[in-house]
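S.K.: Before I ask anything, here is the structure I am working with.
The values are calculated or read from the model by the stated rules, or taken from the named source; none is laboratory data. Keep in mind that this is a model prediction, so the values were computed, not measured. FYI the Cβ positions are ideal-geometry reconstructions off the backbone, even for glycines, and counts take in every protein chain you see. Side chains included, ligands, DNA and RNA excluded: accessible areas come from the protein's heavy atoms. Shrake-Rupley method; radii C 1.70, N 1.55, O 1.52, S 1.80 Å.
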Amino acid sequence: MVTKPAQVMVITPHPDDAEFGVAGTVARWVREGREVIYVVCTNGDKGTSDANMNPEELMRIREQEQLAAAKLLGVREVIFLRHPDQTLEDTPEFRKEIVRLIRMYQPEIVVTADPYRRYIWHRDHRITGQVVLDAVFPYARDSLSYPDLLEQGLQPHKVREVWLWASEDPNYRSDITDTFDIKVAALRCHKSQIENNLPPDWEDQLRQWFRSMAEGEDFELAEAFHQAEVQWRVARSPKK
Ligand SMILES: [Zn+2]
């Protein structure tokens, strides 16, 4: 049941969120030799303004786009949970699904959407972030949480850090200066989401956006996160 561990698990509500949130950092981690896997919670079958688009066809297109982006970034594996778009709920079943994957892949770092963004925020993003935080702690950690998972050989696992993108309270800026181009290329794989809407200066706007996240740092471009160390570890020095 336990598969080859991956140091980083990115859990994304929809195909494309991870590329906006963390792709530059993913590309850097892969260059550094870390194994990264993606878990895509919904099938994204409502992400279109084309009223004639068939949901099954859209799901197929978006999975292909996600696979193309992941391949470009060097992500080892993409797991599609295929929940219908806009239907995620904080249920015991969804939480257990995430716990199972955490125990299978034993990541040191889990990356997802910040559930605590106020006001207008996609419900799937809020629910994904909340369920992932709960799955990391305490459910993935405690052997008595899911005796049946233990019987299947899925041992408790302690995730070391959780990184949340789209946070209103970022406390860590990850240097993506050298991987910004590959992030842009990965974003461009999501043609169904961006292609028709791109202004001519889209890339400049993106660069400006990620430059603002690096403000105060000695590098040009950053992805910003709220980074939480899970409390069973002693404090470590900040990473570069
Ligand atoms: Zn999304």
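S.K.: Take the solvent-accessible surface of the protein heavy atoms, probe 1.4 Å, and return the percent of it on segment 44-98 that carbon and sulfur atoms account for.
M.R.: Of all accessible area on segment 44-98, carbon and sulfur atoms account for 50 percent.
S.K.: Oh, and also: Using unit Cβ charges (K, R positive; D, E negative) and no other charged atoms, how large, in debye to the nearest 20, is the dipole of the chain about its Cα centre?
M.R.: 740 debye
S.K.: Less than 13 Å from a label point 7 Å out along the Cα-to-Cβ axis of Arg211: which backbone N atoms in segment 163-205 qualify, by residue?
M.R.: Answer for this model: 203-205.
S.K.: Right, another one. Can you give the extra length, in nm with one decimal, that the chain gains between Glu151 and Ala68 once fully stretched, where that is 0.36 nm per residue apart less the Cα-Cα distance?
M.R.: 26.3 nm
S.K.: For a test of the definition: using alpha carbon positions, the gyration tensor, and the 1.5 limit on a/c, classify the chain as rounded, prolate or oblate.
M.R.: Taking the square roots of the gyration eigenvalues as a ≥ b ≥ c, the chain is oblate.
S.K.: Pull out the extension gain between Glu108 and Asn196, defined as 0.36 nm times the separation in residues minus the alpha carbon to alpha carbon distance; nm, one decimal. List each step's numbers first, then the result.
M.R.: On the way: separation 88, 0.36 × 88 = 31.68 nm, distance 3.78 nm.
Roughly 27.9 nm would be gained on extension.
S.K.: Would you mind putting 194-201, 147-154 in packing order, based on average other-beta-carbon counts within 10 Å, highest first?
M.R.: Taking the mean over residues of other Cβ atoms within 10 Å, the ranking is 147-154, 194-201.
S.K.: Leaving out ligands and nucleic acids, and using a 1.4 Å probe, what accessible area per residue does the chain come to in Å²?
M.R.: 49 Å²
S.K.: Which listed residue (Ile194, Trp209, Phe219) has the Cα farthest towards the positive end of the charge dipole for the chain, taking +1 on Lys and Arg C-beta and -1 on Asp and Glu C-beta about the Cα centre?
M.R.: Phe219
S.K.: While we're here: Nothing charged except the Cβ atoms of Lys and Arg (+1) and of Asp and Glu (-1): what's the magnitude of the dipole of segment 1-107 about its Cα centre? Round to the nearest 20 debye. Spell out each step's value before the answer.
M.R.: On the way: 14 positive and 17 negative charges, 133 e Å.
Result for segment 1-107 is approximately 640 debye, rounded to the nearest 20.
S.K.: For each pair in Lys4/Lys183; Lys4/Lys191; Lys71/Lys191; Lys71/Lys183; Lys71/Lys158, compute the distance between the two Cα atoms and list the pairs where it is over 20 Å.
M.R.: Check vs 20 Å cut-off fails for Lys4/Lys183; Lys4/Lys191; Lys71/Lys158.
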